[in-house]
Amino acid sequence: MKCPDNIVLYMHEYLDEEIDEHDEELLKKHLQTCPKCQSYFHELEKAIALVQSTSHIQAPSNFTENVMARLPKEKRRVSVNRWFRHHPLLTAASLFIILMTGSLLSTWNKDHEFSVTKQPNLVVHNNTVIVPEGEVIKGDITVRNGDLQIEGKVEGDVTVINGENYLASAGNVTGEIKEVNEVFEWIWYHVKKTSKELVSVFQDKD
Amino acid sequence: MEALIKKRIKQVLKGDQSAYGEIVEIYKDKVFQLCYRILGNRHEAEDMAQEAFIRAYINISSFNIDLKFSTWLYRIATNLCIDRIRKKKPDYYLDAEVSGTDGLTMYSQIASDSILPEDEIENLELQETIQREITKLPEKYRSVIVLKYIEELSLNEISEILDIPLGTVKTRIHRGREALRHQLRNV
């Protein structure tokens with residue numbers, strides 16, 4: 001029996017999935033009847049299968065590191081930017097801390113002068129604020145860089161920054177009494193105050 | 001996947017080198033395998049694969065971002081390997097007969113560094129035989145066969161990678177397959 005012309009070409013076209021229907025039909029019919037072409041086709045398929053069977057090999061370890069080490073150096077600016085981009089939380093936190101401490105320290109440094117909340121009936125004597133006996137102060141009192149001596153009654157909170165607070169036995173404070181002396185306490189005081197304000201803002205909203 | 005690669009390439013274009021590390025990590029096995037199957041030698045393959053990644057990095061600004069990155073990368077790697085084959089004709093082949101011995105090849109001179117179970121040895125031997133037969137193919141058939149059957153790329157992509165017409169790719173694959181059929185029929 002004579003093999004059709006181009007039968008080997010059809011085999012290749014079939015293997016490339018590029019054969020047209022008519023030729024495929026012809027190829028299939030012929031392969032069923034011709035043992036010679038059958039074994040030829042089988043050998044082609046076997047060769048492909050063997051090549052495909054070569055197990056997938058992997059790049060040696062450290063391949064990426066070796067490539068990266070051989071690349072031309074990048075600009076410094078980029079690596080700094082990348083660090084910030086890759087650590088957004090750290091960046092935000094450190095920025096917050098820097099700004100916070102900066103502003104707090106500047107308030108701290110600015111406030112080395114004696115000051116007191118303006119309230120009627122307060123007596124100021126040599127950096128000492130006195131709440132005279134028998135007087136009632138309605139509202140909060142804050143004293144900076146001075147002492148506070150309470151002989152009367154305060155209906156509100158008392159805060160003494162960088163100073164001392166003397167509460168006479170007859171004295172009376174209805175609110176909280178706070179003394180702030182160190183920088184860190186000062187910061188803590190500010191943080192607490194801010195958060196209290198925040199909380200009250202949210203509570204107001206509700 | 002392609003979208004991720006494009007994003008990384010844009011970062012590399014802005015000068016971010018570490019984004020390139022991810023690209024290398026994704027393609028290193030494919031590129032190394034391509035080089036190894038074409039060259040038939042691990043050491044040379046590692047050299048060429050590294051070189052391919054470095055050239056791709058240096059020339060990344062000339063890469064057209066609308067095209068497939070892998071096609072471009074494989075093209076660089078394939079060209080490097082083909083150049084390597086053309087430039088360097090090795091002084092000896094491992095499977096050349098050692099003079100004065102009867103049928104002994106250099107393979108038998110290499111000490112095996114570990115004792116393997118018999119079927120693993122058989123499998124390794126088969127792998128070596130196949131690789132040796134691939135390496136025996138003329139370089140123009142070898143690259144198409146490796147791209148088609150080991151990297152499993154389409155004929156169109158192979159034509160782009162090698163920068164040759166589709167018809168030429170088909171002819172080379174046919175001839176490469178014929179050669180392999182002949183070489184591997186008795187394995």
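Structural remarks
- Meets criteria (at pLDDT 95 or above and within 11 Å of another protein chain (Cβ to nearest Cβ)) for B:Ile150: no
- Considering only residues in region B:152-187 that are among the small types (Gly, Ala, Ser) and within 17 Å of A:Tyr14 (Cα to Cα), the one that is surrounded by the most Cβ atoms within 10 Å (Cβ to Cβ) turns out to be B:Gly176.
- Residues that are within 19 Å of B:Cys35 (Cβ to Cβ) and either over 60 Å from the mean Cα position of the chain (by Cα) or crowded, with 17+ Cβ neighbours inside 10 Å (or both), drawn from region A:44-65: A:Val51, A:Thr54, A:Ala59, A:Phe63, A:Thr64
- Any chance B:Ile85 is in contact with a Lys or Arg (Cβ under 9 Å, 6 or more places away or on another chain), more than 10 Å from chain A (Cβ to nearest Cβ) and of a type in the set (Val, Ile, Thr): yes
- Among residues of region A:150-170, those that are assigned to a loop (DSSP other than H, G, I, E, B), over 21 Å from A:Thr107 (Cβ atoms) and at pLDDT 80 or above, counted: 3
- Qualifying residue in region B:1-15 (condition: surrounded by fewer than 18 Cβ atoms within 10 Å (Cβ to Cβ), β-branched (Val, Ile, Thr), touching a helix residue (DSSP H, G or I) at 6+ places or on another chain (Cβ under 6 Å) and over 26 Å from B:Lys140 (Cβ atoms)): no
- Scanning region B:163-187 for residues that are at the interface with chain A (Cβ under 8 Å from one of its Cβ atoms) and polar (S, T, N, Q) returns a single hit, B:Gln183.
- In region A:171-192, the residue that is nearest to A:Ile150 (Cα to Cα) out of those that are surrounded by fewer than 12 Cβ atoms within 10 Å (Cβ to Cβ) and modelled with pLDDT under 70 is A:Glu182.
- Given (1) modelled with pLDDT of 95 or more; (2) under 27 Å from B:Lys28 (Cβ atoms); (3) not small (Gly, Ala, Ser), index of the condition B:Thr168 fails: (2)
- Checked against (1) charged (D, E, K, R); (2) within 40 Å of the chain's Cα centre (by Cα); (3) part of a loop (DSSP other than H, G, I, E, B), A:Lys178 meets all criteria but (3).
- Residue match in region A:44-59 (condition: more than 9 Å from chain B (Cβ to nearest Cβ), small (Gly, Ala, Ser), assigned to a helix (DSSP H, G or I) and within 28 Å of B:Glu152 (Cβ to Cβ)): yes
- The set of residues in region A:118-164 that are of a type in the set (S, T, N, Q) and more than 20 Å from A:Lys193 (Cα to Cα) comprises A:Gln119, A:Asn121, A:Asn126, A:Asn127, A:Thr128, A:Gln149.
- A:Phe63 over 27 Å from B:Glu51 (Cβ atoms) and either within 13 Å of chain B (Cβ to nearest Cβ) or out of contact with any strand residue (DSSP E or B) (no Cβ under 6 Å at 6 or more places or on another chain) (or both): no
- Search result, residues across region B:139-187 that are in contact (Cβ under 8 Å) with a residue 40 or more places away in the chain and out of contact with any Leu (no Cβ under 9 Å at 6 or more places or on another chain): B:Glu139, B:Arg142, B:Asp163
- Failed criterion for A:Pro72 (all others in (1) within 14 Å of chain B (Cβ to nearest Cβ); (2) touching a helix residue (DSSP H, G or I) at 6+ places or on another chain (Cβ under 9 Å); (3) modelled with pLDDT under 80 hold): (3)
- Index of the failed condition, A:Trp83 passing every other in (1) within 11 Å of another protein chain (Cβ to nearest Cβ); (2) surrounded by 11 or more Cβ atoms within 10 Å (Cβ to Cβ); (3) modelled with pLDDT of 90 or more: (3)
- Residue in region A:21-43 that is more than 10 Å from chain B (Cβ to nearest Cβ), surrounded by 14 or more Cβ atoms within 10 Å (Cβ to Cβ) and in contact with a Leu (Cβ under 7 Å, 6 or more places away or on another chain) present: yes
- Filtered residue count, region B:34-64, keeping only those that are under 10 Å from the mean Cα position of the chain (by Cα), in a helix (DSSP H, G or I) and over 12 Å from A:Pro60 (Cβ atoms): 5
- Every residue from region B:134-172 that is closer than 15 Å to B:Tyr36 by Cβ, in a loop (DSSP other than H, G, I, E, B) and of a type in the set (A, V, I, L, M, F, W, C): B:Leu137
The values are calculated or read from the model by the stated rules, or taken from the named source; none is laboratory data. Everything quoted here is computed from the prediction, not taken from an experiment. Glycine gets a Cβ as well: all are built from the backbone with ideal geometry, and neighbour counts include every protein chain shown.
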